[in-house]
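One structure is given below, encoded as structure tokens.
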Amino acid sequence: MMIVTFFRATKFAFQNFWRNFWLSIVTIFILTLTLVSVSLLSAVNLLANQAITVVKEKVNIDVFFSSAAQAEQMLAVRAFVEQMPEAKQVEYVSATEALERFKKEHVADLDILASLAELEENPLPASLVIQAYELDQYQTIIDKLRASSFADILTTQDFDDNRSVIQRISILSQRVTQIGLVLSFIFATISLLMVFNTIRITIYTHREELNIMKLVGATNWFIRTPFFLEGILYAMIASIVTMAFLYPTFVFVSPYIQAFFQGYSFDFIQFLELHFWKIFALQIGLSLVLSVLSSMIAITRYLRV
Amino acid sequence: MIRFENVSKIYSNNVVALNNVNLHIQPGEFVSIVGQSGMGKTTLAKLIIAEERPTKGKVIIGGWDITRIRHHEIPVLRRQIGVVYQDFKLLPRKTVFENIAFALEVCGASGARIRKIIPQVLKIVGLEDKSRFFPRQLSGGQQQRVVIARSLIHRPKIILADEPTGNLDSINAQEIIHLLVKINTFGTTVVLVTHNHDIVNMLRKRVITMDHGMIISDQQSGKYIL
């Protein structure tokens, strides 16, 4: 009997959907807009965070040793930096290595290579390449080095320009998030009202049938269920439409995103494919919350049983 | 079968619809409740099917005190009471068969049971050959008989008919009343709410007369006295 009842409730839900076809379409459209705006917002957030991580990875400071520095001193400095809690990674680059790297980087620039050959000595100093855990720790590391007994064999630079790049990206991503939140909120409110109104109209157009249902002793559960199912149907279709729209869009723009992250281990499409079902489930979840919430309000408000 | 104990119903705007009504209807009785419009007849009917709750007093149906009936228990009550209204309440886009089937469907009856019951109730009301007709293709009397057929699907112990003849001419009205009498002879309690003198006088059954929310007369084999 439960199965028969559930089957009939589903049938009524589909009937309601078809008999108010255009209203259903508009409701789904608005729900879809909400989902699209929330998804785009999340995508932009994800990309901005990724960009910040990438730029952060790029940031490091070079500490150069003066030519007077001895090998033991250099190792002592390295050990000194390594035991700082702020230091994530310390790399020692000897003068010879530095020269090799420099030559490699400028292999196409014949003028530079020629002028290097002119010099009798290696003009490049040995250095330590230091990476900190957080951006604001670089200054601390520099200050500690300057205050140490090694100060006279070191040439330190102040923390470089990458900082302002990171700040700009953070601010931009914050703005995007704020605008996205406002937009999502507006769309979410509109979808709540839309689903509410659609269910209300369905209840109104079916008032005769609902009256008869009550008269012959249909359970409240049975009378209400079709309207809940209708709301769930809207949510499911809206999620599918959203995915069908967003996935190709992301595939289309991904080469541009890829170009931005060139050389870094971040593949947007791979990320999407990896998390497809999670994203889909989140969208269904969000649209279900919206539409079930508003159909519930409409049902308790207009369906007195 | 139906018992009202000191029942009063006062609506929110201080309109007194029922004033200290005491009433006892035995199983298998045929009772007419008469009175002019606005004298509390319909309120009394609504209290029986728990569409309204009494302000004071007790309503007991078949030994079940429904005065403070819970929401989820109302469907159980309504399956024991067949209701017939003046304005039929049939769905215009469904055939006679579908109209009755709808009432069974929404209560969770199986397809096999629906196919078995509907011919039975249509036979009782004499519409076996009309099951594929739409309500608009039937006369008022026939439509009312469809409604009665629908009210019989749960084999109710009580049939509550609120002005069932209000929209019918006298011949059709007589047919409907004969049908209700026939159902009554099967043992179903019938409560007929009406203000039709001829019918009440013809029936010669128990008549309860209401005036301003009170019972002013209760006669076994009575007549319309107002």
Next item on the list: With the condition kept exactly as written, say whether any residue in the stretch B:98-106 is over 24 Å from B:GLU163 (Cα atoms), hydrophobic (A, V, I, L, M, F, W, C) and in a loop (DSSP other than H, G, I, E, B).
Entry: yes
Checklist line | Test: B:ILE176 is surrounded by 14 or more Cβ atoms within 10 Å (Cβ to Cβ), modelled with pLDDT under 90, assigned to a helix (DSSP H, G or I) and within 17 Å of the chain's Cα centre (by Cα) | finding: no
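Determine if the stretch B:156-164 includes at least one residue that is at the interface with chain A (Cβ under 10 Å from one of its Cβ atoms) and under 22 Å from B:VAL190 (Cβ atoms).
Narrowing the stretch B:156-164 to residues at the interface with chain A (Cβ under 10 Å from one of its Cβ atoms): B:156.
Narrowing further to those that are under 22 Å from B:VAL190 (Cβ atoms): B:156.
For the stretch B:156-164, residues at the interface with chain A (Cβ under 10 Å from one of its Cβ atoms) and under 22 Å from B:VAL190 (Cβ atoms): present.
For (1) within 14 Å of chain B (Cβ to nearest Cβ); (2) surrounded by 14 or more Cβ atoms within 10 Å (Cβ to Cβ), each residue gets a yes or a no:
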{"position": "A:VAL216", "(1), (2)": "yes, yes"}
{"position": "A:ASN220", "(1), (2)": "yes, yes"}
{"position": "A:TYR234", "(1), (2)": "no, yes"}
{"position": "A:ILE237", "(1), (2)": "no, yes"}
{"position": "A:MET243", "(1), (2)": "no, yes"}
{"position": "A:PHE252", "(1), (2)": "no, no"}
{"position": "A:TYR256", "(1), (2)": "no, no"}
{"position": "A:PHE268", "(1), (2)": "no, yes"}
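Would you check if B:GLN144 is in contact (Cβ under 8 Å) with a residue 24 or more places away in the chain, of a type outside the set (A, V, I, L, M) and assigned to a helix (DSSP H, G or I)? First the steps, then the outcome.
On the way: in contact (Cβ under 8 Å) with a residue 24 or more places away in the chain: yes; of a type outside the set (A, V, I, L, M): yes; assigned to a helix (DSSP H, G or I): yes.
For B:GLN144, the condition - in contact (Cβ under 8 Å) with a residue 24 or more places away in the chain, of a type outside the set (A, V, I, L, M) and assigned to a helix (DSSP H, G or I) - is met.
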Item checked: strands (runs of 3 or more DSSP E) wholly inside the stretch B:1-87 that include at least 1 residues being within 24 Å of B:THR165 (Cβ to Cβ) and among the small types (Gly, Ala, Ser) -> B:16-25, B:30-34, B:81-85
Item checked: Single match in A:VAL38, A:VAL26 (criterion: surrounded by fewer than 17 Cβ atoms within 10 Å (Cβ to Cβ), hydrophobic (A, V, I, L, M, F, W, C) and under 30 Å from A:LEU286 (Cα atoms)) -> A:VAL26
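If we scan the stretch B:113-128, do we find a residue that is closer than 20 Å to B:LYS182 by Cα, more than 22 Å from the chain's Cα centre (by Cα), modelled with pLDDT of 90 or more and away from chain A (no Cβ under 12 Å)?
Keep residues of the stretch B:113-128 that are closer than 20 Å to B:LYS182 by Cα, which gives B:117-128.
Add one more test, that the residue is more than 22 Å from the chain's Cα centre (by Cα), and what stays is B:128.
This time we only want the ones that are modelled with pLDDT of 90 or more, so: B:128.
Narrowing the set further to residues that are away from chain A (no Cβ under 12 Å) leaves B:128.
Looking through the stretch B:113-128, at least one residue is closer than 20 Å to B:LYS182 by Cα, more than 22 Å from the chain's Cα centre (by Cα), modelled with pLDDT of 90 or more and away from chain A (no Cβ under 12 Å).
Going through the stretch B:134-172 one residue at a time, which ones are of a type in the set (Gly, Ala, Ser), out of contact with any strand residue (DSSP E or B) (no Cβ under 9 Å at 6 or more places or on another chain) and closer than 21 Å to B:ASP198 by Cβ? Step through it out loud before you land on a result.
Going through the stretch B:134-172, the residues of a type in the set (Gly, Ala, Ser) turn out to be B:139-141, B:149, B:151, B:161, B:166, B:170.
Now narrow it down to the ones that are out of contact with any strand residue (DSSP E or B) (no Cβ under 9 Å at 6 or more places or on another chain): B:139-141, B:149, B:170.
Scanning the stretch B:134-172 gives B:SER139, B:GLY140, B:GLY141, B:SER170.
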Note to self: Tell me whether the stretch B:70-87 contains one or more residues that are more than 16 Å from the chain's Cα centre (by Cα), more than 12 Å from every other protein chain (Cβ to nearest Cβ), among the basic types (Lys, Arg) and farther than 17 Å from B:ILE25 by Cα.
What the structure shows: no
Next item on the list: Take the stretch A:126-141 and flag every residue that is touching a helix residue (DSSP H, G or I) at 6+ places or on another chain (Cβ under 6 Å) and farther than 12 Å from A:VAL81 by Cα.
Entry: A:ALA126
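Return the only residue of A:LEU75, A:LEU47, A:LEU40, A:LEU23 being away from every other protein chain (no Cβ under 14 Å) and in contact with a Ser or Thr (Cβ under 6 Å, 6 or more places away or on another chain). Give the steps one after another, and end with the answer.
Working: A:LEU75 fails: in contact with a Ser or Thr (Cβ under 6 Å, 6 or more places away or on another chain); A:LEU47 fails: in contact with a Ser or Thr (Cβ under 6 Å, 6 or more places away or on another chain); A:LEU40 fails: in contact with a Ser or Thr (Cβ under 6 Å, 6 or more places away or on another chain).
From the options A:LEU75, A:LEU47, A:LEU40, A:LEU23, the qualifying one is A:LEU23.
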Notebook entry, point to check: Which number in (1) over 16 Å from the mean Cα position of the chain (by Cα); (2) farther than 20 Å from B:THR42 by Cα; (3) not in a loop (DSSP other than H, G, I, E, B) marks the one condition that B:ASP218 misses?
Noted result: (2)
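With the structure loaded, tell me whether A:ASN197 is surrounded by 14 or more Cβ atoms within 10 Å (Cβ to Cβ) and either assigned to a helix (DSSP H, G or I) or within 14 Å of chain B (Cβ to nearest Cβ) (or both) or whether it fails that test. Walk me through how you get there before you give the answer.
Numbers: surrounded by 14 or more Cβ atoms within 10 Å (Cβ to Cβ): yes; either assigned to a helix (DSSP H, G or I) or within 14 Å of chain B (Cβ to nearest Cβ) (or both): yes.
Criteria met by A:ASN197.
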Next item on the list: Could you figure out which of (1) of a type in the set (S, T, N, Q); (2) without any contact (Cβ under 8 Å) to a residue 60 or more places away in the chain; (3) loosely packed, with under 15 Cβ neighbours inside 10 Å isn't true of A:THR155?
Entry: (2)
Notebook entry, point to check: When both residues are 6+ apart or on different chains and their Cβ atoms are under 8 Å apart, which pairs have a first residue that lies in the stretch A:63-75 and is closer than 22 Å to A:GLN89 by Cα, and a second that is modelled with pLDDT under 85 and charged (D, E, K, R)?
Noted result: A:SER66/A:ASP152
Note to self: The conditions are (1) part of a helix (DSSP H, G or I); (2) away from chain A (no Cβ under 14 Å); (3) among the hydrophobic types (A, V, I, L, M, F, W, C), and B:ALA149 fails exactly one of them. Which is it?
What the structure shows: (2)
Notebook entry, point to check: Can you name every residue in the stretch B:34-93 that is of a type in the set (Lys, Arg) and surrounded by 13 or more Cβ atoms within 10 Å (Cβ to Cβ)?
Noted result: B:LYS41, B:LYS46, B:ARG53, B:LYS56, B:LYS58, B:ARG78, B:ARG79, B:LYS89
Checklist line | Residues of the stretch B:141-168 classified as surrounded by fewer than 17 Cβ atoms within 10 Å (Cβ to Cβ) and closer than 20 Å to B:THR95 by Cβ, total | finding: 0
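The values are calculated or read from the model by the stated rules, or taken from the named source; none is laboratory data. In this text, all values refer to a predicted model and were calculated from it rather than measured experimentally. Because the Cβ atoms are built from the backbone with ideal geometry, glycine has one as well, and the counts that use them run over all protein chains shown.
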